[in-house]
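Here, each number is a calculation from the coordinates, and none is a lab measurement. The structure presented is a predicted model; accordingly, all values stated were derived computationally and were not measured. Every residue, glycine among them, receives a Cβ derived from its backbone with ideal geometry; neighbour counts consider all protein chains shown.
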Amino acid sequence: MSRPDDAAERFWRYALPSILAMLVTGCYVVVDGVFVGHYVGPMGLAAINLAYPLVMVQVGVAAMLSMGASTRIALLLGEGRHAAAGRVLVAAALLALLLGGLLALGGLVWLDDWLILLGAGGDAVLRAEARAYLVWMLGGSPLLCAQMLATYLLRNDGRPRLATGLMVASTLLNIGFDYWFVGVLGHGLAGSAQASLIAMGVVVAAALVYFGSARAGLRPVMGRMGKLPARMADIVRLGASSLLMELNLALVLFAHNQQLLVYGGTEGVAAYAVAGYTEMVFTLVAHGLALGMQPLLGQAVGGGRPGEARAVLRYGLCTVAMLAFGVWAVVQLFAGSIARLYVAAGDTALLAASAHALRLNLSALPFDGLAIVGTLALQSMAATRQALALTLGKTVLLMPALYGLPLWLALDGVWLAMPLVNLVLGGATAYLLWRQWQRLGASAPQPQPA
């Protein structure tokens, strides 16, 4: 059994690199938003926000196979079954190519229909920018799936620092190419997508070199082809809540965009993009924390160490609470300064709208952080039903709020719908985590009387 000090050391050894990697990615998100806002303008902010639900579908599929594979691999490694873990690795890599190819095909063949559905079919400039961005991003779906899978698997192989180093290098390359393609060459949103794909390619290439080397502990193992569909189905089952989480986020963004077009016009969508860029920084850091916890929770549960699992859970929840309250305070105090990062100083109307959107839309950030980390923690411990319930609950609660509150509060109702849902969802997450905590306590070895 691990001592508390050992659990704390392992937690921070995994969590800090993961948080750092996502923080660096968050810096890229900010820089990308700055480039789009200042070089492409408000129409670029609106176009990328309207197009992004399709990108979130891509991310959801990639997260599903990555989380599903890493959860199964962590459980197998905790049981000492290294060959079985290698067979799951092969199944996950093949699934990334298959699902990525299907995403690219389905997205590009019906791209014009997707643009109309997303609300980007009216204005010619808006449509052109959104289309240019999606052509590249959808075409790079296999690369996106492979890149996310690679970072998850590196952490499961006990290489969190390598995963972090690759993410940092990828982000720095992304920022450099973003500046070149968008700021210097003037490629607009297409340039932003091109920069992202180049950076993803670097991560995938480095991961292929690592897993093919003698340094890798987790090595690909070819199993019987007849069992490959079953392994793929297991990956999908374990990762389904990650897909549903991203699909919910895509649906949330889509519904917000449609309501904003009704109550706030293109300016409302652009203001929501500013709030979204800012929220994404926190969301990435929260996901980084959860990803750092994932292999530790999976291996502790799989290895029959409930005390260690409880310690990791406690450290993770305390950390996300401190992060969330800190970011919330910064947003409430400095919303105007944050808005000026993305919006030109002369556009006073958009600056005011963006600052207002930031304060209202991110007002329940601590509850959002609890829901993110709690859902992924439950999933890491193979509590997939609870994780699915939380994920589906967001959509079930949001739609009435998003379409009902604006009837009373107009545009402010759109901004406040998500905070209201996060408040309820955070409470539900706390309850499910408490139940899981009690189960872990009940299964812990009891001290024997002397």
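For Arg13, Arg87, Arg155, Arg215, what ranking results if the residue with the fewest other Cβ atoms within 10 Å of its Cβ goes first?
Least to most surrounded, the residues fall as Arg215, Arg13, Arg87, Arg155.
Across the range 311-326, in residue order, what do the Karplus-derived ³J(HN,Hα) couplings come to in whole Hz, using 6.51 cos²θ - 1.76 cosθ + 1.60 with θ = phi - 60° and x for Gly and Pro?
After applying 6.51 cos²θ - 1.76 cosθ + 1.60, I find 5, 4, 4, 5, 4, x, 5, 5, 5, 5, 5, 5, 4, 5, 5, x Hz.
Would you kindly state how much longer the chain becomes between Ala230 and Val125 on full extension, computed as 0.36 nm times their sequence separation minus their alpha carbon distance, in nm to one decimal?
Contour length minus Cα-Cα distance gives 33.2 nm.
How long is the gain from Arg161 to Arg439 if the chain were fully straight, where each residue apart is worth 0.36 nm and the alpha carbon distance is subtracted?
Additional length available on full extension: 96.9 nm.
Can you give the extra length, in nm with one decimal, that the chain gains between Leu261 and Val221 once fully stretched, where that is 0.36 nm per residue apart less the Cα-Cα distance?
9.3 nm
If contacts are Cα pairs under 8 angstrom and at least 6 residues apart, what is the relative contact order of the chain in percent?
25 percent
Which angle between 0 and 90 degrees, to the nearest 10, do you get for helix 160-178 versus the longest principal axis of the chain when only C-alpha atoms count?
The two axes meet at around 20 degrees.
Find the eigenvalues of the gyration tensor of the Cα atoms of the range 4-443, then list the square roots of 5 times those eigenvalues as equivalent ellipsoid semi-axes, largest first, in whole angstrom.
Value: 34, 25, 20 Å, ordered largest first.
What order do you get for Val61, Val135 when you list them from fewest to most C-beta neighbours inside 10 Å?
With the fewest neighbours first, Val61, Val135 line up as Val135, Val61.
Considering only Tyr342, Ala83, Val269, whose Cα is most displaced toward the positive end of the charge dipole of the chain, charges sitting on Cβ of Lys, Arg (+1) and Asp, Glu (-1)?
Ala83
Report the label-to-label distance for Leu97 and Ala83 in nanometres (one decimal), using points 7 Å from each Cα along the Cα→Cβ vector.
It works out to 2.4 nm between the two label points.
Of the candidates Ala104, Ala124, Ala324, which one comes out as most mobile in a Gaussian network treatment of the chain with C-alpha springs shorter than 10 Å?
Ala124
Going by Cα centres, the range 130-207 and the range 252-271 are how many Å apart?
Rounded to whole Å, the Cα centres lie 28 Å apart.
Which whole-Hz ³J(HN,Hα) couplings does the range 237-253 yield from phi under the Karplus relation 6.51 cos²θ - 1.76 cosθ + 1.60, θ = phi - 60°, glycine and proline marked x?
Once rounded to whole Hz, the list reads 5, 5, x, 4, 5, 5, 4, 5, 4, 6, 4, 4, 5, 5, 5, 4, 5.
Pick out which of Gly316, Gly33, Gly217 has the largest mean-square fluctuation in a Gaussian network model of the chain, springs linking Cα atoms closer than 10 Å.
Sorting by GNM fluctuation, first place goes to Gly217.
If each residue's Cβ is checked for other Cβ atoms within 10 Å, how do Ser70, Ser141 rank with the fewest at the top?
The fewest-first ordering by Cβ neighbours comes to Ser141, Ser70.
Is the range 308-429 rounded, prolate or oblate when judged by the Cα gyration tensor, a ≥ b ≥ c being the square roots of its eigenvalues, rounded requiring a/c under 1.5 and prolate requiring a/b larger than b/c?
Oblate.
For His187, list long-range residues whose amide hydrogen, built 1.01 Å from N in the peptide plane, is under 5 Å from its own amide hydrogen.
Residues meeting the criterion, in which the H sits 1.01 Å from N, are Val182.
With springs connecting C-alpha atoms under 10 Å apart, model the chain as a Gaussian network and identify which of Glu79, Glu279, Glu267 has the largest mean-square fluctuation.
Looking only at Glu79, Glu279, Glu267, the biggest GNM fluctuation is shown by Glu79.
By how many degrees, between 0 and 90 and to the nearest 10, does the Cα long axis of helix 384-409 differ from the longest principal axis of the chain?
20 degrees
Which of Met293, Leu392, Ala357 sits closest to the plus end of the dipole of the range 4-443, meaning its Cα is farthest towards the positive end, when Lys and Arg get +1 and Asp and Glu get -1 on the C-beta?
Met293
So what is the calculated 222 nm ellipticity per residue for the chain, using -39500 (n - 2.57) for each DSSP H run with n of 4 or more, over all residues, to the nearest 500 deg cm²/dmol?
Helix contribution divided over all residues of the chain: -30000 deg cm²/dmol.
Compute the helix-to-body angle for 348-361: its Cα long axis versus the longest principal axis of the chain, expressed 0 to 90° and rounded to tens.
That helix lies at roughly 30 degrees to the long axis.
Treating the beta-carbon of each Lys and Arg as +1 and of each Asp and Glu as -1, no other charges, what is the dipole magnitude of the range 35-163 about its Cα centre, to the nearest 20 debye?
So the magnitude is around 560 debye.
Compute the FRET efficiency between Ala430 and Trp180 as 1/(1 + (r/R0)^6), taking r as their Cβ-Cβ distance and R0 = 45 Å, and round to the nearest 0.05.
Once the sixth-power term is evaluated, E becomes 0.45.
Residues of the range 44-78 with the amide nitrogen closer than 16 Å to a label point 7 Å from the Cα of Leu117, along Cα-to-Cβ, please.
Within reach of a label on Leu117: 50-61.
Quick one: what are the phi-derived ³J(HN,Hα) couplings along the range 297-310, Karplus 6.51/-1.76/1.60 with θ = phi - 60°, whole Hz, x for glycine and proline?
Per-residue couplings from phi come out as 5, x, 6, 5, 5, x, x, x, 10, x, x, 5, 4, 5 Hz.
Treating the beta-carbon of each Lys and Arg as +1 and of each Asp and Glu as -1, no other charges, what is the dipole magnitude of the chain about its Cα centre, to the nearest 20 debye?
Dipole of the chain, to the nearest 20 debye: 1740 debye.
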